[in-house]
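Here's the structure we're looking at; comments come further down.
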Ligand SMILES: Nc1ncnc2c1ncn2[C@@H]1O[C@H](COP(=O)(O)OP(=O)(O)OP(=O)(O)O)[C@@H](O)[C@H]1O
Ligand SMILES: [Mg+2]
């Protein structure tokens, strides 16, 4: 029998693969390495030191931005995940209905509409509300983040629901479980890994957003990424590397958690 | 007890509408082991789901002790199901699975515990009460599914091919066990199977279904000995079909003329058939090669197949039809015929059933 097309046997495959990995990961490795630089340069190595981590930790602005980032990510994750659970239930447990594709597209809209468009639209929309109400708190950022985190939370939850045996819910209903009790006693316990995976993904996505945050934030509402962006416009010190490395660590942990959870079987 | 009256179910999906149940009417009695038997896709599961409440019938009524069930959601129907896939809750132990229905009914916890213990005892699963459902064998899962459905003491238990996933030996054991449970609990069982032998050995009454319709309802003997139509005769057991001429019917008896010209008396169909060409069904073990009283059908022995307990004789009748006889083997005596012999198939009076179509 012919082996069929095997990409790994094509000439140059190994070279291209290596090149891709180098381009992807070398900059990140350098970023991490230079976060430990003893000097002030992000390009010239002057020995190992924790000084930029200490300096970032002691920086009031960094502290405030970190707290803000976490608060926004927390609430956005909570809201987006809750909505995602409801949306996933509605799109997998109701059978097919008219307008299903439309609903599906609308839930995933943030993945398809260019982020800059959403950002500008939100900027204008929130500006109108700000003028009308005078309120300029974090709420706008939380809502904006919830919106674009939704599809990221939705996808793993929906995947989990689709993989779940519908006959379990039927069995629970057959045994006198009202819809709410069936959900709580049978659906939810099995959905947890999906929900956690979705929440982690949403959290990471919220944590590293720049574009929408930059447009929506009011004065003095820098998150960690927008603060870093602001820093880059002035002097670049390895402090930025240190913050990036910390963010990277959080993201890696979360994404690993996500893969682990989405792999576990019921 | 359960009255199913003129129930139809038409699925309207993306494709053409599909009639899964076509005007089905049946009354299932209290305390009965009632079996729905039929080939794959004939609508057995659909009918069960209509009773359980997972499918709304397109037309018709389902009543339990006079109460209309159709408007009630599944969780308000005093009916429990043993699903074909068992559908045990994987995140609960055996005991928690069995307790589930009682908890949903908000029974006091002492009562739940007592009933669960009793159920574990009944299905002989007490030593495994605290195991996860993934840590027990297929047969044990089946017993847990049964116990879970029985625990809330439903008025009716619906069983959708609960034994089909089990191996032969376990299936035999479980058949006896199911019969025992049914008589011990006094609960009405509605049992779905496509295994005719299972249906014959276990049921009080059988409904034979085909293409969304109940073709015949009766006790196992009745269905086997007096099939009403070709489909039923063919689906249950082995049958010889002879094209004969119906001369007259009188009550239960029909006078016919066999292809050989001989006239004889056989059983008439219940709902009456006009004289003329009809089909006669004869079970292989009801005819004889040894002569005796009755109508004779001469032919040539074409094949002899030995089966241990009995022997099958394939006879080519004069006129072309093939007739299969089955005779029980007696110890020590050899069968006295060999292939190519001229033989005579004899139908004793009253053997054979005229079919309605
Ligand atoms: N939701 C549905 N939409 C459309 N057609 C359906 C649906 N459910 C069942 N059917 C059709 O209805 C017919 C009866 O299905 P049903 O499941 O009742 O068969 P069954 O007698 O239980 O068969 P089996 O022995 O294979 O389980 C089948 O032809 C099936 O394809
Ligand atoms: Mg079925």
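Please treat every number below as a calculation from the coordinates, not as lab data. Note that the structure is a prediction, hence the values are computed from the model and not measured. Glycine also receives a Cβ, built like all others from the backbone with ideal geometry; neighbour counts cover every protein chain displayed.
Mind checking the angle between helix A:188-207 and chain A's longest principal axis? C-alpha axes, 0 to 90 degrees, to the nearest 10.
30 degrees
Mind giving me the nanometre distance, one decimal, between the label points for residue A:97 and residue B:164, set 7 Å out from Cα along Cα→Cβ?
The answer from the label model is 3.1 nm.
With labels modelled as points extended 7 Å from the Cα through the Cβ direction, what inter-label distance (nm, one decimal) is found for residue A:263 paired with residue A:133?
Roughly 4.4 nm, to one decimal.
I need the shape label for chain A. Rule: rounded when a/c is under 1.5, else prolate if a/b > b/c, else oblate, with a, b, c from the alpha carbon gyration tensor.
Taking the square roots of the gyration eigenvalues as a ≥ b ≥ c, chain A is oblate.
Write down Rg/Rh for segment A:101-156, rounded to two decimals, with Rg from the C-alpha atoms and Rh from the Kirkwood relation over Cα pairs.
My calculation puts Rg/Rh at 1.04.
With contacts defined as alpha carbon pairs under 8 Å and 6 or more residues apart, what's the relative contact order of chain A in percent?
Reported relative contact order: 30 percent.
Using a 7 Å offset from the Cα along the Cα-to-Cβ direction at both residue A:229 and residue A:11, what is the distance between the two label points in nm, to one decimal?
Placing both labels 7 Å along Cα→Cβ, they lie 4.5 nm apart.
Across peptide B:79-92, what mean number of C-beta atoms from other chains lies inside 10 Å of a residue's C-beta?
Partner Cβ neighbours, averaged per residue: 5.
Quick one: Debye curve from the C-alpha atoms of segment A:104-194, no solvent, what's log10 I(q)/I(0) at q = 0.18, 0.24 Å⁻¹?
Reported log10 I(q)/I(0), two decimals: -0.85, -1.14.
Under 18 Å from a point 7 Å along the Cα-to-Cβ line of residue A:192: which residues of segment A:57-89 have their amide N that close?
Within reach of a label on residue A:192: A:82, A:85.
How big is the shadow of the Cα convex hull of segment B:229-357, averaged over all directions, in nm²?
7.9 nm²
Could you tell me the distance between the Cα centroids of segment A:61-96 and segment B:299-339, to the nearest Å?
If we compute the Cα centre of each part, the gap is 76 Å.
Based on DSSP, what percent of beta bridges with both residues in the protein assembly as shown are antiparallel, to the nearest 5?
On the way: 62 of 81 bridges.
DSSP beta bridges in the protein assembly as shown are roughly 75 percent antiparallel.
Taking every residue in A:163-171, how many Cβ atoms of other protein chains lie within 10 Å of its Cβ, on average?
5
Please identify, among B:47, B:200, B:170, the residue showing maximal mean-square fluctuation in a Gaussian network model of chain B using a 10 angstrom Cα cutoff.
Of B:47, B:200, B:170, the Gaussian network model singles out B:170 as fluctuating most.
I'd like to compare A:13-22, B:138-147, B:12-21: which one has the highest average count of other Cβ atoms within 10 Å, and what's the full order after that?
B:138-147, B:12-21, A:13-22
Give the relative contact order (percent, whole number) for segment B:13-87; include only Cα pairs under 8 Å separated by 6+ residues.
Details: 40 pairs, mean separation 15.7, N = 75.
Worked out over segment B:13-87, it gives 21 percent.
Cα axis of helix B:168-185 to longest principal axis of chain B: angle in degrees, 0 to 90, nearest 10?
Around 70 degrees separate the two axes.
Based on the Cβ-Cβ distance from residue B:10 to residue B:61, what FRET efficiency comes out when R0 is 25 Å, to the nearest 0.05?
0.95
Could you please state, rounded to a whole Å, how far the C-alpha centre of segment B:5-82 is from the C-alpha centre of segment B:183-225?
16 Å
Apply 1/(1 + (r/R0)^6) to the Cβ-Cβ distance of residue B:230 and residue B:85, taking R0 = 41 Å, and write down the FRET efficiency to the nearest 0.05. List each step's numbers first, then the result.
Numbers: r = 34 Å, r/R0 = 0.82.
That gives a FRET efficiency of 0.75.
Using alpha carbons only, how many degrees (0 to 90, rounded to 10) separate the axis of helix B:138-150 from the longest principal axis of chain B?
70 degrees
Taking only DSSP H segments of four or more residues, each worth -39500 (n - 2.57), what value at 222 nm results for the protein assembly as shown once the sum is divided by all its residues, to the nearest 500 deg cm²/dmol?
Taken over the protein assembly as shown, the calculation gives -14000 deg cm²/dmol.
Order these by the 10 Å Cβ neighbour count, fewest first: B:241, A:125.
Working: B:241 16, A:125 13.
Result, fewest neighbours first: A:125, B:241.
What does the average come to when, for each residue of peptide A:185-192, you count the partner chain Cβ atoms lying within 10 Å of its Cβ?
Averaged over the peptide's residues, the number is 3.
What are the extents of the Cα atoms of segment A:50-102 along their three principal axes, in Å, largest first?
In descending order, the Cα extents are 59, 17, 16 Å.
Name the most mobile residue of A:123, A:229, A:175, meaning the one with the largest mean-square fluctuation, in a Gaussian network model of chain A with Cα contacts below 10 Å.
It is A:175.
Just order B:156-162, B:257-263, A:112-118 by mean Cβ neighbour count inside 10 Å, highest at the front, would you?
Going from most to least packed, we get B:156-162, B:257-263, A:112-118.
What percent of all Cα-Cα pairs in chain B falls into each 20 Å bin, going from 0 up to the bin containing the maximum distance?
That works out to 26, 46, 25, 4, in percent per bin.
When only Cα pairs under 8 Å and 6 or more residues apart are kept, what is the percent relative contact order across chain B?
The value is 15 percent.
For the ranges A:147-157, B:62-72, what's the packing order if you count other beta-carbon atoms within 10 Å of each residue, average per peptide, and put the highest first?
On the way: A:147-157: 24.6, B:62-72: 14.3.
For the peptides A:147-157, B:62-72, the packing ranking is A:147-157, B:62-72.
Classify the protein assembly as shown as rounded, prolate or oblate from the Cα gyration tensor: take a ≥ b ≥ c as the square roots of its eigenvalues, call it rounded if a/c is under 1.5, otherwise prolate when a/b beats b/c and oblate if not.
Prolate shape, in that a/c is at least 1.5 and a/b is the bigger ratio.
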